[in-house]
Every structure is written in structure tokens, then in C-alpha cells.
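> Quick one: the structure is below, questions incoming.
Where a number appears in this text, it was derived from the coordinates with a stated rule and is not lab data. Bear in mind that the values here come from a model prediction, so they are computed numbers and not experimental data. Cβ sites come from the backbone with ideal geometry, for glycine too, and all protein chains shown count toward neighbours.
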């Protein structure tokens with residue numbers, strides 16, 4: 001059994017975690033101010049992906065998806081390549097995005113919109 005270093009030994013102080021989850025490669029800790037802290041599946045700290053004002057992320061096919069400023073971003077955590085797609089305007093503040101292989105749901109104060117992949 002392997003044990004990681006305690007989080008208070010990280011070079012980043014005063015964490016405000018929002019979300020914690022893992023996939024086949026990484027453990028992701030979304031922090032309110034720092035962005036995404038990336039760990040290996042044994043809990044060893046790897047790096048921080050600095051993102052501001054991100055409230056939710058989702059990982060699908062080894063890409064990190066997040067929504068900000070009317071755009072859906074997908075980020076490769078290994079290369080830091082970040083691509084974005086503009087989405088139609090919504091009524092109200094965007095709250096959360098959920099993605100699967102061919103659909104995207106986006107919730108806002110005005111309701112939920114469903115987008116289908118062509």
C-alpha cells in the first residue's frame with residue numbers, strides 16, 4: 001500500500017475544494033480559487049491547472065470539460081491544450097454542464113437546454 005503526502009505539504013496553501021473525482025489516469029481536485037489540482041491515482045500531487053471562476057468540471061475521454069463566459073472548453077491535462085466552442089446565449093446565469101458521448105445539457109437560472117451532437 002502506498003500513501004501520499006498530506007495535502008498541507010503541497011506548495012499550494014489555503015485550499016477551498018469544490019469537487020473531487022477520478023478517472024482512469026488522474027484524481028482531480030477542483031479548488032474555488034486555484035483551479036484543478038491533478039494527482040495520480042495513488043494520490044501523489046502532479047500539477048495545478050490554473051482556471052478562474054470554474055464551479056464544475058467533467059472528464060470524458062481524458063479531456064476536462066468546463067463552461068465559462070458562454071463557451072464550452074475542453075482541456076487536455078497532459079498538454080494543456082484548451083479548445084473552446086461558443087454556445088447559444090441562455091437566459092440567466094449558467095449553473096452546470098453535463099456531457100456524454102452525443103449530448104450536452106446546460107442548466108441556468110432560466111432552465112435546462114439540451115444540445116445534440118451532429
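> Take the Cβ-Cβ distance between residue 44 and residue 69 as r, set R0 to 30 Å, and report the resulting FRET efficiency rounded to the nearest 0.05.
Once the sixth-power term is evaluated, E becomes 0.35.
> Write down Rg/Rh for the range 7-116, rounded to two decimals, with Rg from the C-alpha atoms and Rh from the Kirkwood relation over Cα pairs.
The Rg/Rh ratio comes out at 0.98.
> When the chain is fully extended, how far beyond the present Cα-Cα distance does residue 112 get from residue 32, taking 0.36 nm per residue of separation?
That works out to 26.4 nm of additional length.
> Mind giving me the FRET efficiency for residue 14 and residue 87? R0 is 35 Å, r the Cβ-Cβ distance, nearest 0.05 is fine.
That gives a FRET efficiency of 0.60.
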